[in-house]
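Chemist: Starting off with a structure, shown below.
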Amino acid sequence: MENRQLLRSMVRIRCIEEVIGDVYRDEQQMRTPVHLSIGQEAAAVGVCAALRTEDVVYSGHRCHAHYFAKGGDLGAMVAELYGRETGCAAGRGGSAHLVDESAGFGASSAILGEMISVATGAAWAFAREEAPRVAVSFFGDGASEEGVFHESLNFAALHRLPVLYVCENNQYSLSSPLAARQPPGTSISGRARGYGIPAARLDGNDVAAVHAAAVTAVEHCRSGTGPYLLELDTYRWREHVGPGWDHELGGRSRSEVLSWMERCPIRRAADALRGADPDVDERIAVWEREFRAEAHAAIAAAETAPYPRVEDLLVGTYGDHGTCAG
């Protein structure tokens, strides 16, 4: 994918999430926790641009960017935030439980590390069917401390499964920094290598570098030679959950947040393009107006959509094979 398209995708995700964050804060009508990916867009865009539609992405609680980067439907996602029947999970799941099978976004879940095993299972199915498909699991550095991370990597390595593990290492689990949770001199990518899995650690705010690494990783997985892990160093700008800034609460220092904002993936991608495209800033301004309008239109549609009927709340659960949206 061209670097301009990578930049455009990041700008779209940033604009949508900023609008969602503002409306969430000001109107108080989205009755679901939101985990925003503002500042981490390069990881989602760089990886998903290396995938095919038939490849399947799974994510955790901070899933909006992955959903959009894989082509998830904006209107269905916003309706889900409002708990409406037209939501991608029929209003039952909320922000952390998104799905768009037509785009190849398999599912996301608020349970820490859960989708690591689900992606591994999907990859096992692809391998058994001899289908040229790749499963991708996005997760944070905190999820790498769960037992399911190690169990999944061991199983995937043993059976040479076509699964790409993508750790968005944003340096924190809630308000606990990496140094307080993991031994010095170790790394998440190093743990993958301990299972015999090729792994690369790189700057997760450099979208071109992420995309190049993802192309290599996806080709490795698709070729039948087994799993791969990417550890992408990045940083979320907003609080763990919600639209605010947690440095005001003492969770992180303001200077640390500002230092990472200076490494903004969108700014860096624009700077890299400026020599060949001197009008890049004007182009971004046009995109921003377009994408903010798109987000507001989706919100307006969601606010007028119907809520799920009480009679249908158990559809799709406990052996009930009735249908629901998504």
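Coordinate-derived values only; no laboratory data. Treat the numbers as computed from the prediction; the structure is a model and nothing was measured. Because the Cβ atoms are built from the backbone with ideal geometry, glycine has one as well, and the counts that use them run over all protein chains shown.
Chemist: Looking only at the chain, where both bridge partners belong to it, what percent of the DSSP beta bridges are antiparallel (to the nearest 5)?
Modeler: On the way: 3 of 26 bridges.
Antiparallel bridges: around 10 percent, rounded to the nearest 5.
Chemist: Let me ask another. Report ³J(HN,Hα) in whole Hz for each residue of segment 168-173, in order, from the Karplus equation J = 6.51 cos²θ - 1.76 cosθ + 1.60 where θ = phi - 60°; Gly and Pro get x.
Modeler: 8, 7, 9, 6, 9, 10
Chemist: Select one label from (i) 75, 55, 35; (ii) 63, 47, 41; (iii) 55, 52, 40: the one whose number is Cα extents along the principal axes in Å as derived from the coordinates shown.
Modeler: Comparing each candidate, only (iii) matches the computed number.
Chemist: Which residue fluctuates the most in the chain, going by a Gaussian network model with Cα springs under 10 Å, if the choices are R252, R309, R191?
Modeler: With Cα springs under 10 Å in the chain, the top fluctuation among R252, R309, R191 is at R309.
Chemist: Taking the dipole about the Cα centre of segment 148-229, with the C-beta of Lys and Arg at +1 and of Asp and Glu at -1, give me whichever of A208, T186, F155 is farthest to the positive side.
Modeler: It is F155, whose Cα lies furthest towards the positive end.
Chemist: While we're looking at this one, here's another question. Given the Cα-Cα distance of R160 and E303 and 0.36 nm per residue of separation, how much length would full extension add, in nm?
Modeler: Here the answer is 46.9 nm.
Chemist: Next question, about the same structure. With Cβ to Cβ distances under 9 Å as the rule, what net charge do the other residues near R133 carry (K, R +1; D, E -1)?
Modeler: Neighbourhood net charge equals -1.
Chemist: Here's another thing I want to ask about it. Estimate the FRET efficiency between S102 and E294 by the formula 1/(1 + (r/R0)^6), using the beta-carbon distance for r and 22 Å for R0, to the nearest 0.05. Write out the running numbers ahead of the final one.
Modeler: On the way: r = 19 Å, r/R0 = 0.86.
Using R0 = 22 Å, I get an efficiency of 0.70.
Chemist: Is there a quick way to get the dipole size of the chain? I mean about its Cα centre, with the Cβ of Lys and Arg at +1 and of Asp and Glu at -1; what is the value in debye to the nearest 20?
Modeler: Details: 31 positive and 44 negative charges, 125 e Å.
About 600 debye.
Chemist: Further question: Using the Karplus equation 6.51 cos²θ - 1.76 cosθ + 1.60 (θ = phi - 60°), what ³J(HN,Hα) coupling, rounded to whole Hz, does each residue of segment 144-155 give in order, writing x for Gly and Pro?
Modeler: 5, 8, 7, x, 5, 4, 5, 4, 5, 5, 4, 5
Chemist: Give, as a single signed number, the net charge of other residues whose beta carbon lies under 10 Å from the beta carbon of G60, with Lys and Arg counted +1 and Asp and Glu -1.
Modeler: -1
Chemist: At what distance in nm do the modelled label points of A272 and T225 sit from each other, each positioned 7 Å from its Cα along Cα→Cβ?
Modeler: Rounded to a tenth, the inter-label distance reads 2.4 nm.
Chemist: Given 0.36 nm per residue, what is the gain on full extension from S259 to N3 after removing their alpha carbon distance, in nm?
Modeler: Between S259 and N3, full extension yields an extra 89.7 nm.
Chemist: Now a separate question. About its Cα centre, how strong a charge dipole does segment 131-233 have in debye, to the nearest 20, once Lys and Arg get +1 and Asp and Glu get -1 at the Cβ? Don't jump to the answer; show the numbers that get you there.
Modeler: Numbers: 7 positive and 10 negative charges, 74 e Å.
Roughly 360 debye, rounded to the nearest 20.
Chemist: Could you go through segment 72-88 in sequence order and give the Karplus-derived ³J(HN,Hα) for each residue, using 6.51 cos²θ - 1.76 cosθ + 1.60 with θ = phi - 60°, rounded to whole Hz, and x for Gly and Pro?
Modeler: x, 6, 5, x, 5, 5, 5, 4, 5, 4, 8, x, 9, 4, 7, x, 5
Chemist: While we're on this one: I need the trypsin sites (Lys or Arg not before Pro) found in segment 34-133, filtered to DSSP loop residues with at most 12 other beta carbons within 10 Å of theirs.
Modeler: Counting only loop positions with at most 12 other Cβ atoms within 10 Å, the trypsin sites (Lys or Arg not before Pro) in segment 34-133 are R52.
Chemist: Out of residues 5 or more away from A199 or on other chains, whose amide H comes under 5 Å of its own, with H placed 1.01 Å from N in the peptide plane?
Modeler: For A199, whose amide H was placed from the backbone, the distant partners under 5 Å are L229.
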